[in-house]
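Worksheet: the structure to be examined is printed underneath.
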Amino acid sequence: MVQPVLIADPTRKERRRPTRQGKTYFLRTFGCQMNEHDSERIAGLFEADGMLPVSDYASADVVFINTCTIRENADNRLYGHLGHLKQLKDELPGKVLIVGGCAAQKDRDIVRRRAPWVDVVLGTHNLDRVLDLMDHAQEWGPITEIAEELQSMPSDLPVRRELAHSAWVTIQVGCNNTCTFCIVPAVRGVEISRRPGDIVREVERLAADGVVEVTLLGQNVNTYGRDLAIDGRRRPVFAELLRRVGEVEGIRRIRFTSPHPADFREDVALAMAETDAVCEQLHLPLQSGSSRVLARMHRGYNVERYLSRLEMARRIIPDLAVSTDIIVGFPGETEEDFEMTLDVVREARFDQAFMFQFSPRPGTEAALQVDEFVEPEVAQERFNRLLEVQSENSVALNRAQLGRRVEVLAEGPSKKDRTVATTRTRDGRVVHIPGAYPPGTFLDVEITQAAKHHLIGSPI
Ligand code: SF4
């Protein structure tokens with residue numbers, strides 16, 4: 001079991017004396033990396049308050065559910081969990097239940113109405129308030145507090161990282177885009193970038209603490225710095241930040257997520273190619289292969305522009321692995337539109353694709369286009385066809401790795417077989433190797449077998 005690390009940020013004023021010494025907590029996180037990292041901050045606050053982590057709802061004094069609202073089933077799962085927690089709370093009235101994250105930010109009143117037994121409901125902008133709100137709930141009863149604007153950058157809070165050798169680093173929160181299917185701007189707010197110096201100092205602290213890999217987090221990293229001005233005029237840009245983080249001693253791997261194709265330019269591709277630590281991995285969400293559908297999605301690019309950015313990245317960065325996101329069944333999508341998506345996927349040869357069926361999110365423009373919703377069985381049939389085309393690509397591109405000698409970073413024992421270690425290449429491929437290697441160990445392996453979603457290797 002990897003020993004998580006509690007980092008007391010030296011710049012952070014001590015908030016308060018621990019008041020919950022020895023109490024236990026359990027954190028359940030749904031959704032994206034942003035939520036994973038917010039949960040590390042909540043865990044940091046809990047442990048700074050004297051609490052200890054446990055691994056299930058039943059044995060925890062405090063339960064925090066960090067919610068997602070990106071797709072319908074995320075909501076359904078939340079209320080399923082809250083129903084189960086009601087029984088536990090009935091048995092142990094002192095148990096504290098907290099609901100945070102994007103679903104709480106968006107549906108605070110619905111959460112309160114459907115789960116009145118929840119003690120604290122807070123959003124994505126006021127993580128720093130969680131301990132005060134727990135005090136309030138214990139004194140005065142259930143409380144809901146949602147901030148419409150960011151109160152403090154997550155990076156200002158203590159963190160308890162899941163992995164000792166690898167860390168998320170928030171560079172920007174929020175998104176200024178208006179993709180018609182996406183609820184993120186409504187729950188995460190406008191883009192706010194951290195100052196480059198703060199980010200570099202955090203990475204230096206992480207490196208001093210033994211971290212060798214950092215993942216820079218933002219909803220749209222390519223517009224990083226757009227809201228900042230240095231010496232009153234010039235704005236920092238993402239390419240520059242990549243180079244500066246790449247100079248930090250001890251950091252051997254840099255990843256980032258997510259870039260937006262409309263803003264992905266040559267300066268970032270050059271910074272990736274010219275900065276040794278930046279990994280040859282790019283996540284470039286396509287969403288649809290039909291320019292007509294992309295326009296309806298307000299994505300801000302068409303297929304030609306997307307493919308030209310992809311071609312530019314592959315030309316500048318050798319051995320680049322590319323992953324993407326695709327939505328099937330967007331309102332109004334015709335069979336012809338979908339065929340275009342299949343054509344682009346065949347042409348682009350993505351190493352990996354995260355494929356989803358359109359899920360109407362209340363509060364988004366696309367959710368109002370009810371008359372043009374694609375029949376569920378039609379969407380499912382298209383989804384299956386897309387899965388087939390992408391699987392062929394993934395298998396073929398993984399097979400092309402056979403015989404290659406590559407550097408991998410150990411992440412820990414494989415979940416399925418503890419005699420096998422899970423490791424990852426620079427371009428993001430999972431490689432299982434026999435034996436046990438401490439997380440954070442670099443080693444060279446030869447790729448001996450290839451499957452759809454992973455490779456098998458043997459240490460050289
Ligand atoms: S770029 Fe679009 S899809 Fe991505 S978070 Fe922003 S609004 Fe959502």
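The values are calculated or read from the model by the stated rules, or taken from the named source; none is laboratory data. The model shown is predicted, which means the values in this text are computed figures rather than measured ones. Cβ atoms come from the backbone with ideal geometry, glycine included; neighbour counts cover every protein chain shown. Accessible surface areas use protein heavy atoms only, side chains included; no ligands, DNA or RNA. Shrake-Rupley method; radii C 1.70, N 1.55, O 1.52, S 1.80 Å.
Structural remarks
- Scan the range 183-220 for residues that are open to solvent by 40 Å² or more (accessible area, probe 1.4 Å), in a loop (DSSP other than H, G, I, E, B) and within 16 Å of the ligand (Cβ to nearest atom) and the total you get is 2.
- Any hit, the range 330-341, residues being touching a residue at least 40 places away in the same chain (Cβ under 8 Å), surrounded by fewer than 19 Cβ atoms within 10 Å (Cβ to Cβ) and either farther than 22 Å from T180 by Cα or within 25 Å of the chain's Cα centre (by Cα) (or both): no
- Consider the range 401-419 and keep the residues that are free of Cβ contacts under 8 Å to residues at least 40 places away in the same chain and open to solvent by 20 Å² or more (accessible area, probe 1.4 Å). The one that is nearest to the chain's Cα centre (by Cα) is K415.
- Test: I70 is in the same structural domain as R114 (by TED's automatic domain parsing) and under 26 Å from D325 (Cα atoms): yes
- A262 falls short on exactly one of the conditions (1) within 16 Å of the ligand (Cβ to nearest atom); (2) in a helix (DSSP H, G or I); (3) buried (at least 22 other Cβ atoms within 10 Å of the Cβ); (4) of a type outside the set (S, T, Y), and that condition is (3).
- Residue in the range 159-168 that is part of a strand (DSSP E or B), within 16 Å of the ligand (Cβ to nearest atom), of a type outside the set (D, E, K, R) and surrounded by 20 or more Cβ atoms within 10 Å (Cβ to Cβ) present: no
- Checked against the criteria, D325 counts as open to solvent by 10 Å² or more (accessible area, probe 1.4 Å), charged (D, E, K, R) and either modelled with pLDDT under 95 or within 20 Å of the chain's Cα centre (by Cα) (or both).
To keep it simple, each residue is scored yes or no on (1) within 16 Å of the ligand (Cβ to nearest atom); (2) touching a residue at least 12 places away in the same chain (Cβ under 8 Å); (3) among the β-branched types (V, I, T); (4) assigned to a loop (DSSP other than H, G, I, E, B).
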{"position": "R235", "(1), (2), (3), (4)": "no, no, no, yes"}
{"position": "L241", "(1), (2), (3), (4)": "no, yes, no, no"}
{"position": "V293", "(1), (2), (3), (4)": "yes, yes, yes, no"}
{"position": "G300", "(1), (2), (3), (4)": "yes, yes, no, yes"}
{"position": "S308", "(1), (2), (3), (4)": "no, no, no, no"}
{"position": "E311", "(1), (2), (3), (4)": "no, no, no, no"}
{"position": "S323", "(1), (2), (3), (4)": "yes, yes, no, no"}
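- Taken over the range 126-144, the criterion of being open to solvent by 10 Å² or more (accessible area, probe 1.4 Å), in contact with a Leu (Cβ under 8 Å, 6 or more places away or on another chain) and within 23 Å of E40 (Cβ to Cβ) is satisfied by L127, D128, R129.
- Exactly one residue out of V344, V268 is at pLDDT 95 or above, assigned by TED's automatic domain parsing to the domain that holds T180 and in a helix (DSSP H, G or I), and it is V268.
- Taking the criterion of being among the hydroxyl-bearing types (S, T, Y) and surrounded by fewer than 23 Cβ atoms within 10 Å (Cβ to Cβ), the only residue of the range 58-78 that qualifies is S59.
- Single residue of L310, L320 found to be under 19 Å from Q390 (Cα atoms), in contact with an Asp or Glu (Cβ under 6 Å, 6 or more places away or on another chain), modelled with pLDDT of 95 or more and surrounded by 19 or more Cβ atoms within 10 Å (Cβ to Cβ): L320
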